[in-house]
1. Could you tell me which of rounded, prolate or oblate describes region 51-100, using a ≥ b ≥ c as the square roots of the eigenvalues of the alpha-carbon gyration tensor, with rounded for a/c under 1.5 and, failing that, prolate when a/b is larger than b/c and oblate otherwise?
2. Take the Cβ-Cβ distance between Q111 and K177 as r, set R0 to 35 Å, and report the resulting FRET efficiency rounded to the nearest 0.05.
3. Take S149, project a point 7 Å from its Cα along the Cβ direction, then tell me which residues of region 108-135 have their backbone nitrogen under 14 Å from it.
4. If you count, for each residue, the other Cβ atoms within 10 Å and average over each peptide, how do 114-124, 128-138 line up from highest to lowest?
5. Can you check what the net charge comes to around N99, using other residues whose Cβ is under 15 Å from the Cβ of N99 (Lys, Arg +1; Asp, Glu -1)?
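Values in this text are rule-based calculations from the coordinates and carry no lab data. None of these values were measured; they are calculated from a predicted model. Reconstructed Cβ throughout: ideal geometry from the backbone, glycine too, with neighbour counts over all protein chains shown.
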Amino acid sequence: NVMGRRCVAGVALVLAACGGGGGADTPTTAGRDAPLSLSTSNAAQASVEAMGFGGVALGLGQQAVDWIAAADAAGGDVVTTTCVSGGTQTVTLNDLDGNHRVSAGDRLLVQMNNCFLPPLDDAFDGTLTIDVAVPIAPLQQAGTITFGSVFDVRVAGGSVRLGGGLRYEYAADRLAKSVRVASNTSSFTITAYSGTRTIAEILTRLDATRT
């Protein structure tokens with residue numbers, strides 16, 4: 001699963017490798033406001049980094065589609081499920097128009113407690129919100145994902161925290177399905193924690209599609 005554990009762990013390894021000397025108590029932050037430029041010196045690192053960021057974001061876009069489907073199937077009721085990891089996830093719909101369906105203008109709150117997410121092949125803790133927008137044809141779904149103050153996964157030697165936000169789009173027809181994720185007004189951030197070191201990557205021009 002290219003969008004799974006290897007991507008999250010790979011991102012953590014790349015961030016750690018980019019952080020310079022060890023032992024820093026303050027964050028080392030690398031801003032990214034343009035596509036990665038490949039050279040003979042950074043080709044391996046850049047390819048892993050791009051695959052990792054795109055894979056994590058696409059996994060979250062697919063997961064947003066799945067959460068919306070679960071809320072729809074429940075008719076707007078709060079959905080709490082036991083995850084294969086033994087944890088739980090709760091999806092709560094703020095149904096602004098009262099139609100007991102997920103529709104434009106609604107908001108979903110997702111609470112994770114050591115819950116395994118199949119599209120990301122890892123277990124997460126924390127909260128995020130999904131704001132549902134009006135999809136423009138041929139899209140079936142569109143909206144934004146905003147991470148709470150904590151949305152973490154543990155990796156070897158530390159943890160990785162996802163922050164900021166993403167835009168997502170979903171389209172499906174008889175021949176194919178596609179998920180697209182892109183940077184939102186709130187940049188997508190991935191922060192690796194290891195001991196006293198905190199290393200962050202900020203993405204402002206992410207745009208990835210999986211068909």
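1. It is oblate, given that a/c is not under 1.5 and a/b is not larger than b/c.
2. 0.85
3. From region 108-135, the list is 126-128.
4. Highest-to-lowest ranking by the protection proxy: 114-124, 128-138.
5. Here the count lands on -3.
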